Amino acid sequence: MSEANITDKRDLSDGGPSEEAPSRVSSPPRKKKQKTNGAVGVLSHPAEINEKYVEKSFKDCMRAVFQDGVEATHIGTEAAVITNPFTCCVLPNFVKDERFLKGLKEELLELDFNNKSNDLYKFQQSDALQNFTSLYITALKKLLYEDFLSWLREVTGIPFINTFDLTCSKYNYTDVLLCHDDELEGRRVAFILYLVPTWAKKDGGLLDLFDMDEHGQPKSVVKSLVPNWNNFVFFEVTPKSFHQVSEVLNQDKCRLSVSGWFHGPTVPRPAPYIEPRCTLTPHVDTQETLFYEWINESYLDFGNQSEVQDTFSDESEIQLSRFFEKEKYEAVLTQLQNSDIRWKSRGPANKRHYKSAELTSLPPVIQECLSVMQSEHMFLLLSNFTALRLHAQAPCSDDDDDDDDEDEIEEVQEKTEEGLDDEDGEKVNGTRCKSASEESESKPEARIVDHDDGDEREGVTKERGEQSDKVQDGDVHEQGTSRKDETDLQDGVVIKMKREASTPRCRAEVRKWTHGCYTLLHDTDTEGSEFALDASVFFNTHGVSQATGGFVSYIAKGEDEELLSVLPEENSLSLVYRDKETLKFVKHINHSYRTSRGSNGNPQNSHCAFYELYLVYYE
Ligand SMILES: O=C(O)CCC(=O)C(=O)O
Ligand SMILES: [Fe+2]
């Protein structure tokens, strides 16, 4: 991650509010040399609110909007009140004296700015302005937190408290603040004063307002506000106030603003929406020969598998290049780019935005590829790569220290060496490797968790319950493990019982990533106790870099530090083992991806995309 001082991702202020409101900042505010240019002088240009807005008739209209729910679109000649999707007021020419604003802008541009970058945003931000005593900033604070706040108290009836929560932001080319609702304890009204050059819709950097679906989740942008010089925008912070700053697309303009929140008593909020769980399935039956046609031969070699396992056990992650046979990789890519796949947008915007293929619309070659990735052989191969118990023939390495289990492991190893029997009784070469734990002493250290999959982890638990009846009949054994005699079966009971407790499962998705796509960390994860193995194979990744976004970032819950960043690589299988304390996101893919070079060396166009075969496996 590009900066070490990332705080709560919804708290964009650098120093946090100054008084009553709880600070969500994890590290103490940095002491900086404060610039005091002009601090000892006297303002020649008064910092005052445009007199139109302090007239009684105007305030009465505003009070009717906020306290009586009157629908007004325009008040007076200038002010606009947006009522749909939520009440948001725009006060143009907010500060009376232009010369004050120019002085303020100059002072602000002299501040030190911190690069802020995480799942939700990329922009530059000053330290909290409460600590600055320079002339214009001090005058602005008075204007906002004395004059305007008492105006707002009158208009809204909210008993605001005197809590400073103010910073200055700079959004340059490719900077963005993705969909969020601003909700944080005590924040009651959000405000922004724009100090931008002449701005047009095509420059990006719009303040987009979202409506909501039936679950109270953001649905689509229904209103976009173009930032304008000396426009003051404010809205109440509620569970409805989903908004974003769209990506700045102009390479030459800087979207400068001063923004913050007015604080008041915390309002009780509804419980966060929990998404339905995804279905996980055990391995699928596939023709064994397919597996050998698809997977690069070198990964079927036992020695290579051991090496992979060694690395994986140390790192909890590995990238395996040229994973599919070349022709197969190319066949899939051609179909991804050319066939009539139905791509469905995956939201909601406060959690993710990318396209996912409707599985039924996938052409045969991609269906085949997916079935290989979900085949029994793949589960076993992954067991051997990772030492995870993703296959019945992989011994449970949790129990490595347990003497009683050693016999069991040996027994399973024998079976594994015999190979999986295919339907004709032939051994499966690729899986005729030793079992995973023979080479590895222990499981990889789990470090790394998908917010997406938190729900699914619960799903695993639920479905395990449903599954246990079925498995008793030996479903798993039927999938290629030949049990020859009574003894085996008896020993097998032990193994089988363990297996019943956790039938390895997976979920697959074919994803398309283009400019504007992302996933966010989100806090509505259900608590799961499982570990998961993320497996992704990427297609057409030319032009994807740390600068364009599109990489997968893993971080420890509640910590700032990035544990791992996976940059999508052509035909590379990325394996990452994560626990519930680990979250991940795909960094917003910005406009520079469009202008990066494609595989033919030409700049990509607006249709450029890379693809991901994403699977998550659970023991
Ligand atoms: O700058 C804007 O238009 C909005 C900023 C915002 O939403 C925020 O800082 O939370
Ligand atoms: Fe916001």
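The values are calculated or read from the model by the stated rules, or taken from the named source; none is laboratory data. What you see is a predicted model, and the numbers here were worked out from it, not measured in a lab. Every residue, glycine among them, receives a Cβ derived from its backbone with ideal geometry; neighbour counts consider all protein chains shown. For the accessible areas, the whole protein counts, side chains as well, though only heavy atoms, and no ligand, DNA or RNA atoms are used. Shrake-Rupley method; radii C 1.70, N 1.55, O 1.52, S 1.80 Å.
Name the residue, out of Lys31, Lys9, Lys52, that is modelled with pLDDT of 75 or more and of a type outside the set (Ser, Thr, Tyr).
Lys52
Pairs please, first residue from the stretch 368-379 and hydrophobic (A, V, I, L, M, F, W, C), second anywhere and not in a helix (DSSP H, G or I), Cβ atoms under 6 Å, 6+ apart in sequence or on different chains.
Leu370/Ala508; Met373/Leu615; Phe379/His283; Phe379/Leu390; Phe379/His391; Phe379/Pro504
Criterion first (in contact with a Lys or Arg (Cβ under 9 Å, 6 or more places away or on another chain), within 12 Å of ligand 1 (Cβ to nearest atom) and not assigned by TED's automatic domain parsing to the domain that holds His515) does Val226 satisfy it?
Answer is yes for this residue.
So in the stretch 309-332, with the set limited to residues that are within 25 Å of the chain's Cα centre (by Cα) and not in a loop (DSSP other than H, G, I, E, B), which one is surrounded by the most Cβ atoms within 10 Å (Cβ to Cβ)?
Taking the candidates together, the pick is Phe312.
Take residues that are more than 21 Å from Arg188 (Cα to Cα) and within 26 Å of the chain's Cα centre (by Cα) and tell me which of the strands (runs of 3 or more DSSP E) falling wholly in the stretch 204-287 contain 1 or more.
Here the list reads 218-225, 255-263.
Could you list, in sequence order, the residues of the stretch 240-258 that are within 9 Å of ligand 1 (Cβ to nearest atom), within 26 Å of Met212 (Cα to Cα) and charged (D, E, K, R)?
none
Restricting to the stretch 229-273, name every residue that is open to solvent by 40 Å² or more (accessible area, probe 1.4 Å) and either touching a helix residue (DSSP H, G or I) at 6+ places or on another chain (Cβ under 7 Å) or polar (S, T, N, Q) (or both).
Leu249, Gln251, Lys253, Thr266 - these are the residues of the stretch 229-273 that are open to solvent by 40 Å² or more (accessible area, probe 1.4 Å) and either touching a helix residue (DSSP H, G or I) at 6+ places or on another chain (Cβ under 7 Å) or polar (S, T, N, Q) (or both).
Looking at (1) closer than 26 Å to Pro348 by Cα; (2) within 16 Å of ligand 2 (Cβ to nearest atom), which one does Cys278 not meet, given that it meets all the others?
Answer for Cys278: the failing condition is (2).
Looking at Asn338, is it assigned by TED's automatic domain parsing to the domain that holds Leu567 and under 27 Å from Leu564 (Cα atoms)?
The answer is no for Asn338.
For the stretch 339-368, give me each residue that is in a loop (DSSP other than H, G, I, E, B) and under 26 Å from Phe385 (Cβ atoms).
Leu362
Just one of the numbered conditions (1) among the polar types (S, T, N, Q); (2) away from ligand 1 (no atom under 11 Å from the Cβ); (3) surrounded by 15 or more Cβ atoms within 10 Å (Cβ to Cβ); (4) within 26 Å of Phe94 (Cα to Cα) is not true of Thr198; which one?
(3)
Under 8 Å between Cβ atoms, which residue pairs at least 6 apart in sequence (or on different chains) link something in the stretch 537-553 that is outside the structural domain of His353 (by TED's automatic domain parsing) with a partner that is in a loop (DSSP other than H, G, I, E, B) and among the small types (Gly, Ala, Ser)?
Nothing qualifies.
Residues are listed down the side, and each one gets a yes or a no for (1) under 15 Å from the mean Cα position of the chain (by Cα); (2) closer than 24 Å to Arg342 by Cα:
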{"site": "Asn540", "(1), (2)": "no, yes"}
{"site": "Ser545", "(1), (2)": "no, no"}
{"site": "Tyr554", "(1), (2)": "yes, no"}
{"site": "Ser565", "(1), (2)": "yes, no"}
{"site": "Val576", "(1), (2)": "no, no"}
{"site": "Gly598", "(1), (2)": "no, yes"}
{"site": "Cys608", "(1), (2)": "no, yes"}
{"site": "Tyr611", "(1), (2)": "no, yes"}
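Given the condition modelled with pLDDT of 95 or more and within 13 Å of Ala387 (Cβ to Cβ), answer yes or no: does some residue in the stretch 322-338 qualify?
no
Which residues, counting only those in the stretch 156-180, are away from ligand 2 (no atom under 16 Å from the Cβ), closer than 22 Å to Glu110 by Cβ and at pLDDT 95 or above?
Asn172, Tyr173
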